[in-house]
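Undergrad: I'd like to ask some things about the structure below.
What follows draws every value from the coordinates through simple rules; no lab data is involved. Everything quoted here is computed from the prediction, not taken from an experiment. Note that we place each Cβ from the backbone using ideal geometry, even for glycine, and neighbour counts take in every protein chain shown.
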């Protein structure tokens, strides 16, 4: 699962070609997986085919593309969002499906967020905290100066962690 998440981030946030074998193996190493086991499993065509045939089991009976988000209430109502990456758009869909009854929380402390979520990109801080790129960077740099955050480079992009 970590490799899938990291591949998505490499593709969407870092604009990398995640079909490239080198990129995939970098994600495997970064996720801390055993590279030899991964390569063995990745070359097992019968198992890969079986996994592919199981994809979509329990999913809504409509096409959902890579850039779609499906939000469902579990009672037959579903909202599909096409290429929407802003949390506010997804929140609006949740509000609609819950008739405004769902209690929302929004993180207020970037440092606490970094502690809870690990390495975090600038764009993630922008979206989660609804900040401009300039303000998000200023807050991350402020935390760096206080020794509460450190910048690291993962696959050529800046990330911050506590």
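Undergrad: How big is the stretch 82-162 by the Kirkwood estimate over distinct Cα pairs, in Å?
TA: Numbers: mean 1/r = 0.0723 Å⁻¹.
Its Kirkwood hydrodynamic radius stands at 13.8 Å.
Undergrad: Starting with the fewest neighbours, write out 42, 160 ranked by other beta-carbon atoms found within 10 Å of each beta-carbon. Write out the running numbers ahead of the final one.
TA: Values: 42 14, 160 27.
Listing 42, 160 from fewest to most nearby Cβ atoms yields 42, 160.
Undergrad: Can I ask one more? Under the definition of Cα pairs under 8 Å and six or more residues apart, what whole-number percent is the relative contact order of the stretch 122-162? Each step should come with its number before you reach the end.
TA: On the way: 34 pairs, mean separation 12.0, N = 41.
Result for the stretch 122-162 is 29 percent.
Undergrad: Gap in Å between the Cα centre of the stretch 38-58 and the Cα centre of the stretch 95-117?
TA: 35 Å
Undergrad: Okay, moving on. If each residue's Cβ is checked for other Cβ atoms within 10 Å, how do 88, 161 rank with the fewest at the top? All intermediate terms of the calculation are to be shown ahead of the outcome.
TA: Working: 88 9, 161 14.
The fewest-first ordering by Cβ neighbours comes to 88, 161.
Undergrad: Same structure, new question: Going by C-beta contacts inside 10 Å, put 99, 47 in order with the fewest on the left. Provide the component values of the computation, followed by the final result.
TA: On the way: 99 8, 47 11.
Ascending number of Cβ neighbours within 10 Å: 99, 47.
Undergrad: Find how much the distance from residue 98 to residue 144 grows on full extension, using 0.36 nm per residue of separation minus their present alpha carbon separation; answer in nm with one decimal. Walk me through the numbers before you get to the answer.
TA: Working: separation 46, 0.36 × 46 = 16.56 nm, distance 3.90 nm.
Between residue 98 and residue 144, full extension yields an extra 12.7 nm.
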